[in-house]
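Trainee: There's a structure below that I have some questions on.
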Amino acid sequence: MDDLLIIKNLYKSFHKGKYILEDINISISSGQCFCLLGASGSGKSTLAKCILRLIPYEGYIYFNNIPINTIEDYPKHVSFIPQDPMSSINPNFKLIDAISEPIKIMSLAFNKNDIIKLIKDIGIKEELLDKKVKTLSGGERQRVAITRAIITKPKLIIADEPTSSVDAIHKNTISELFLKIKRNSTLFVITHDINFSKKICDKIGIMYKGKIVEIGDKANIFLNPLHPFTKELLDNTLNCQKEHV
């Protein structure tokens, strides 16, 4: 498989020259799901902002071997699922308007029947289309955010903590949705949920204090973790699972 996204020697500094991201190197092949794990404040969301061209950075990011800052229609190929679905959706929008908004912004063809088919695949009831977004449950709002991200048929989807606002039952549903999405798009998923990443990812990167300290295939990382922080993450998850048995 060809690499769809390549991040090379990326740095991001904030105040007084201190780096929040330092020498990040990641490659993701087309059709892969890459999960980035790490503690809060380690720089995961900052890296997502760099890939989305929301903030400047030092280094290189290539999309289909082309520097992303030279691609005029880059937003048509890359979409984002925010951690808080309501941060990007007008709560007073009807569901049909919230879902169709990305299509209208990008001047793409609009077909209500296609939207109905898509929301059914995602698990949203058709009768909700005329309801306001603010009346939906947390799980329904998350599905709306996912629908908005995939409706433009992007090549790359970046998701920031997609299971953080849903309960255990809905986490399983979200996992199944992401496995479906992976059939047509490449995924870059930021998460601290190791069990979720085990279900959906092909490749994993571990971020610690702004650096990628370990990266590799899912099996290698989970079966043979090398970095102390990776081992700590896995041990903490295992201990939590034992406590809930």
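Any read-out appearing in this document is the output of simple, stated calculations on the displayed coordinates, not a laboratory observation. Keep in mind that what you see is a predicted model, and the values were worked out from it rather than measured. So basically every Cβ, Gly included, is an ideal-geometry build from the backbone, and we count neighbours across all protein chains shown.
Trainee: Given the alpha-carbon gyration tensor of the range 91-150, what are the semi-axes of its equivalent ellipsoid in whole angstrom, ordered largest first, with each equal to the square root of 5 times an eigenvalue?
Mentor: They are 17, 13, 10 Å, listed largest first.
Trainee: With Cβ to Cβ distances under 11 Å as the rule, what net charge do the other residues near LYS153 carry (K, R +1; D, E -1)?
Mentor: Surrounding charge for LYS153 is +1.
Trainee: Rank by packing, highest mean first: peptides 104-115, 202-213, 10-21, with packing defined as the count of other Cβ atoms within 10 Å averaged across residues.
Mentor: Put in order of decreasing packing, that is 202-213, 10-21, 104-115.
Trainee: Moving on to the next point. Using the Cα atoms of the range 1-109 to build a convex hull, what is its mean projected area in square nanometres?
Mentor: 8.8 nm²
Trainee: What share of the DSSP beta bridges in the chain is antiparallel, in percent to the nearest 5?
Mentor: About 50 percent, rounded to the nearest 5.
Trainee: Mind checking the dipole of the chain: about its Cα centre, +1 per Lys or Arg Cβ, -1 per Asp or Glu Cβ, Debye to the nearest 20?
Mentor: Value, rounded to 20: 320 debye.
Trainee: Kindly give Rg over Rh for the chain, based on alpha-carbon atoms, with the Kirkwood expression for the hydrodynamic radius.
Mentor: Radius of gyration relative to Kirkwood radius: 0.97.
Trainee: Here's a follow-up. Just the ratio, please: alpha-carbon radius of gyration of the range 156-202 over 2.2 N^0.38 Å, N its number of residues.
Mentor: Expressed relative to 2.2 N^0.38 Å, the Cα Rg reads 1.03.
Trainee: Taking K and R as +1 and D and E as -1, what net charge do the other residues with C-beta under 14 Å from the C-beta of ILE28 add up to?
Mentor: +1
Trainee: Cross-link candidates for LYS211: which lysines have Cα within less than 20 Å, leaving aside residues fewer than 8 places away along the same chain?
Mentor: The qualifying lysines are LYS8, LYS12, LYS16, LYS18, LYS44, LYS49, LYS203, LYS231.
Trainee: For the range 61-129, what is one quarter of the convex hull surface built on the Cα atoms, given in nm²?
Mentor: 6.1 nm²
Trainee: In deg cm²/dmol, rounded to 500, what helix-only [θ] at 222 nm does the chain give when every DSSP H run of at least 4 residues adds -39500 (n - 2.57) and the total is split over its residues?
Mentor: Helices in the chain give a 222 nm mean residue ellipticity of -11000 deg cm²/dmol.
Trainee: Can you report the principal axis dimensions of the range 134-223 using only the alpha carbons, biggest first, rounded to whole angstrom?
Mentor: So the extents along the principal axes, rounded to whole Å, are 42, 27, 24.
Trainee: Moving on. Report the equivalent ellipsoid semi-axes for the range 76-180 in whole Å, largest first, defined as the square roots of five times the eigenvalues of the gyration tensor built from alpha carbon atoms.
Mentor: So the three semi-axes of the range 76-180 are 19, 16, 13 Å.
Trainee: Using θ = phi - 60° and the Karplus form 6.51 cos²θ - 1.76 cosθ + 1.60, what ³J(HN,Hα) does each residue of the range 168-176 get, whole Hz, x for Gly and Pro?
Mentor: Along the range 168-176, the couplings run 4, 5, 6, 4, 5, 5, 4, 4, 5 Hz.
Trainee: Under the 0.36 nm per residue contour assumption, what length would be gained going from the current alpha-carbon distance of ASP23 and ASP235 to full extension?
Mentor: That pair, ASP23 and ASP235, stretches by 73.6 nm at full extension.
Trainee: If I histogram all Cα-Cα distances within the range 119-166 using bins 10 Å wide from 0, what percent of pairs lands in each bin?
Mentor: Each 10 Å bin holds this share of Cα pairs: 23, 55, 22, 0.
Trainee: What spacing in nm lies between the two simple spin-label points modelled at LYS16 and ILE116, each 7 Å away from Cα in the Cβ direction?
Mentor: For LYS16 paired with ILE116, the spin-label model returns 6.1 nm.
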